[in-house]
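Inspection log for the structure reproduced underneath, given as structure tokens.
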Amino acid sequence: MSEDHRLQISFVVNGRPVDTEIEPHLLLLDLLRDKLALKGAKRSCDMQVCGACTVLVDGNPVSSCTYLAFEARGTDVTTIEGLADGEKLHPLMEAFIDNAGLQCGFCTPGMILAAKSLLDLNPRPSVEEVKEYMRGNLCRCTGYKKILESIEDAAQRMQG
Amino acid sequence: MAIVGTSTRRPDYLDKVTGKGAYVGDLEIPGMAHAKVLSSPLPHARILRIDASKARALPGVFGVLTAHELGDMDPYYGSDIKDRPIIAIDKVRYEGEPVAAVAAVDLETAEAALDLIDVEYEELPVIATMNDALTDGAATVHQSNLCHESHYEWGNTEEGFAEADRIFEDTFTFPMVYHYSLEPHTVIARYDELGITVWDSAQHPFLVRNELARLFGLSLNRVQVVVPYVGGGFGSKSYIKIEPLAVALSREAKRPVKLAYSVEQSAKTVRRHAASITLKTGVRNDGSFVARDCQIRLDTGAYADNGNRVTDRCADQVPGPYLWPHLTVTSKGLYTNTGAAGSFRAIGGPQAAWASESQVDMIADALGIDPLELRLKNLGAPGDVIRQGKNPLDADIATGLKEAAKGVGWAGRGAKPVTQEKETKRGIGLACSVLNAGASPTSTALVRLHADGSATAMVSTVEVGQGSKGVMAQIAAEELCIPLEKVGVVASDTAIVPYDRSTGASRSTTLVGLAVQLGAKEIKQQLLDLASKHFEAPEDKLAFADSSVVFGQESITYAQLIRQMFGGPAGELMGRGYVTPQTEGPLKGLPVFWEMAVVGAEVEVNEKTGAIRVLRLVSVSDIGKAINPKQAEGQDEGAAMQGIGHTLFEELIYEDGQLLNPNLVDYRVPSFEEVPDGFETILIENEDGPGPFGAKGIGEGPIAAVAPAIANAVFQATGVRIKELPLTPERVWRALQAGTSGGHKVDALTEG
């Protein structure tokens, strides 16, 4: 790829402005992981099924493994590294810890970010609504039960 | 006990919810190159020629590995059977087998180099199925198509059949299943003049170390295997997988190399054995089991991997937890031109229980006996020898089964649940089995008590998600009488922590936990010696409480004792824990413990579509003592959900040796939508296990019993018996059609 084809993009990641030059085909996941050293988003299925690479773009969950970094220009991107308020964990993080809503943790950053977008849209979802919204995030360890309990608990904490 | 038995906060959770926890793919090693593998497009072919000269000449390429570069070593490896070459030599045995590997400055360059490698193949006849493998005069994958065979028997099965009133003979098949740990196989390897270091996503770091040392001719101390957090294993990262390839490539490229597989490559690297199991079972009219002949065939694919143990363990498990006067079991692991099969959670267990527990239900129906009663009548009780030459049963299956029946609302064979919906029918099914768990009792631990009274437990158990770091800390804190937050755990670095055989077979809490407890006890003995001198009192007048040794009204802290010993604010005490077959207690003989596999399921079957919905699923495990109850439940919930996957839809589909569904769109795994409305885990705690505080392992049982429980529920709902998995809507629909129009439908049940 010659230098001529590089694109300049500006966007905000976890509240901080980022200006960088990218190749047009660069994926958002690779930009975050390799250039910005944000390793929380994980690569797994590579085809927008598993949700391990989920990040929020202007608050909406996207699979960063199939999302061009260029498409993120001018947006506000949140990764798992940007969710805590300094030392203070986000209520979803607290709820996942207290309810054992994770095991190996590989799906967890994507799972928590997807859950955040759900609770932002629908602060008190029913179990059926959680299952429906979260079906794009796979977990192979937990059997999902304790993730459902974590999200329900987080919803209560966020109301609290 | 204040710490053990409490759902304490796991130390790994903070790392994981914040995204800070590092997995191998997150690591950067200075000078690291990136690797790509050229895979065989053919399932069985002779390699006539490989020309990698253009790839080697590509700028940015540091090294290309083919069989040619391995001429100075014996490049065959495997957990027991050394049949797998580091990279294909002379021929390929499955579609996807590594033929060449490139290390380059970046992945794009490595990918470009692969396109420049020219390989000429001569196709060989493909052994696509187990039937192909057994055909007279068929081509062979290796010298023979028989990888491993095991056989045992007692009594006289033929005489047993003569004594029986009824004989049932059925064949059940089980599909190839993919683990899909979200983190695919990933390794960083560094080979240099000092030795080998690998940063590895592995469950058995010491077995990886031993095999790499053997392959590359190094002493054990010169091979270091470092395992950070592992993104799921379920057996897929047991023994040794792509590590030798990465090390050989690093040797060739003369720098560290990262090899990160895709889901497709991982699915072809290891899977669960497909099975065909024929059971001939003789019973009396009163339901007494008399004799059983079990013929097992398992498809181990192109390489043995751990197929020999899977073949043995499936044989061990196929009789179920019953007392058989006469028994014959023959189990064969067969090679085919498909991706290798190895360990997968409860090795051999789901295949065995699928056949056994489906047939037990069929026998109950034919005899007109309640299937719960039939099982209870024939189950072994704790203390009974259910397998000759093995430790007696130490799990109370009958209690577990009754709990599951109660939990799922079992009300007898005739009492099936009612539904108001027109096109659906409901049913309840039960299943029970036992797993010979624990692998072997070979574990060690080192516990260090520091000069400030805090402690570090050093173990090789891999934190693969099961929560071992937390559990080991709980055990050490409880035994040492210090606060949980004062215990740290260092794990899974073979250069630092002492030996452990493996992380699998539900063994870590029991065996490594016991080693930690023994290490802590050794420290306590040292503290007693010190305190005895300090107080000038006999040891039997001393006690432990709150980081101190207590003598009457007086006490002295551990920190003070250590400082006294070393003459200042420094030093530490070390306690060793050795768990071996000679360890005092119940570890003599095998298995380490019998793990109960008990599940009850309620399903709803849509007769128009064949779709099954699992409404309720209850699993029961005998855990002895739950060190951390919430995470123990999580283990069983995860196992049960994986069981739902292979019961309802999971299946790797090979056609003529080509894998047709090597991705997550075509190979579906359970999502939130499969979570049953009622999903319960029951833990039995009698504090009678061989592990610390009476613990024994769990986490594998449910996966073995889900499929037969669901199929038995489908039978109660519809009267149709299906002997093949998965129970896809199409398969169920076809069975329903055949059942209603073909006269095969058995419906002795009345609406309850």
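Since every read-out is calculated from the coordinates, none of them should be taken as a lab result. Here the structure is a predicted model, which is why all the values come from computation and not from measurement. Cβ: placed from backbone, ideal geometry, glycine included. Neighbour counts: every protein chain shown.
See the values below:
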| item | result |
| --- | --- |
| Expected 222 nm ellipticity per residue - DSSP helices of 4 or more, -39500 (n - 2.57), all of the protein assembly as shown, to 500 | -8500 deg cm²/dmol |
| Efficiency of FRET between B:I29 and A:D19 - r from beta-carbon atoms, R0 30 angstrom, step 0.05 | 0.55 |
| Packing rank of B:393-400, B:86-93, B:203-210, where each peptide gets the mean count of other beta carbons within 10 Å, highest leading | B:203-210, B:393-400, B:86-93 |
| DSSP-loop trypsin sites (Lys or Arg not before Pro) across region B:227-311, with at most 16 other Cβ within 10 angstrom | B:K254, B:R284 |
| Three-way shape call for region B:207-332 based on the alpha-carbon gyration tensor, with the a/c threshold at 1.5 | prolate |
| Cα-derived Rg to Rh of the protein assembly as shown, Kirkwood definition | 0.97 |
| Given charges at Cβ of Lys, Arg, Asp, Glu: region A:1-117 dipole, positive-most of A:N60, A:I9, A:C107 | A:C107 |
| Sequence-distant residues sharing a close amide H with B:L124 (under 5 Å, placed H) | B:H44, B:A45, B:R46 |
| At R0 = 56 Å, FRET efficiency that the Cβ-Cβ distance of B:L146 and A:R124 yields, to 0.05 | 0.40 |
| Overall dimensions of region B:525-594 as given by Cα atoms, namely Rg and Dmax in Å | 16.6, 49 |
| Highest average packing first - A:120-132, B:427-439, Cβ atoms within 10 Å | B:427-439, A:120-132 |
| Pairs of Cα atoms farther than 37 Å apart, chain B, % | 44 percent |
| Farthest positive-ward along the protein assembly as shown dipole, Cα basis, beta-carbon charges - from B:Y76, B:A104, B:A601 | B:Y76 |
| Number of partner chain Cβ atoms within 10 Å, mean per residue of A:39-52 | 6 |
| Selection from B:L561, B:Q582, B:Y322 lying farthest towards where the dipole of chain B points positive, charges on Cβ | B:L561 |
| Cα long-axis angle, helix A:108-121 against chain A (0 to 90 degrees, to the nearest 10) | 80 degrees |
| Given charges at beta-carbon only (K, R positive; D, E negative), |dipole| of chain B in Debye | 560 debye |
| Summed residue charge, Cβ within 11 Å of B:A491's Cβ, Lys/Arg positive, Asp/Glu negative | -3 |
| Degrees between helix A:145-159 axis and first principal axis of chain A (Cα, 0 to 90, nearest 10) | 90 degrees |
| Relative packing of B:559-568, B:184-193, which averages over residues the other C-beta atoms within 10 Å, highest first | B:184-193, B:559-568 |
| Kyte-Doolittle mean at least 1.0 and Cα axial length at least 20 Å: DSSP H helices in chain B | B:701-718 |
| Cβ charges +1 (Lys, Arg) and -1 (Asp, Glu), total dipole of the protein assembly as shown, debye | 660 debye |
| Other protein chain Cβ atoms within 10 Å, averaged over every residue that makes up B:6-18 | 6 |
| Distance in nm between pseudo-label sites at B:D74 and B:E485 (7 Å out along the Cβ direction from Cα) | 5.4 nm |
| Hydrodynamic radius by Kirkwood, which averages 1/r over all alpha carbon pairs of region B:404-518, in angstrom | 17.1 Å |
| Rel. contact order, % - alpha carbon contacts under 8 angstrom, at least six apart, region A:3-82 | 37 percent |
| Loop-located trypsin sites (Lys or Arg not before Pro) in region A:17-107, at most 14 other Cβ atoms within 10 Å (DSSP) | A:R73 |
| Value of Rg/Rh across region B:440-579 [Cα atoms, Kirkwood radius] | 1.01 |
| Dimensionless Rg/Rh of region A:91-159 - Kirkwood Rh, Rg from C-alpha atoms | 0.91 |
| Efficiency of FRET between A:A84 and B:D106 - r from beta-carbon atoms, R0 30 angstrom, step 0.05 | 0.40 |
| Relative contact order %, region A:91-159, counting alpha carbon pairs below 8 Å whose residues are six or more apart | 55 percent |
| Globularity index of region B:1-105, i.e. its alpha-carbon radius of gyration over 2.2 N^0.38 Å | 1.63 |
| Fraction of beta bridges assigned by DSSP in chain B that are antiparallel (%, nearest 5) | 75 percent |
| Two-decimal ratio, chain A, of alpha-carbon radius of gyration to 2.2 N^0.38 Å | 1.06 |
| Convex hull volume per residue for region B:65-176, taking Cα atoms only, in Å³ | 191 Å³ |
| Test item: Cα-centred dipole of chain A, Lys/Arg +1 and Asp/Glu -1 on Cβ, debye | 460 debye |
| Computed over region A:3-82, Cα set: Rg, Dmax in Å | 11.6, 35 |
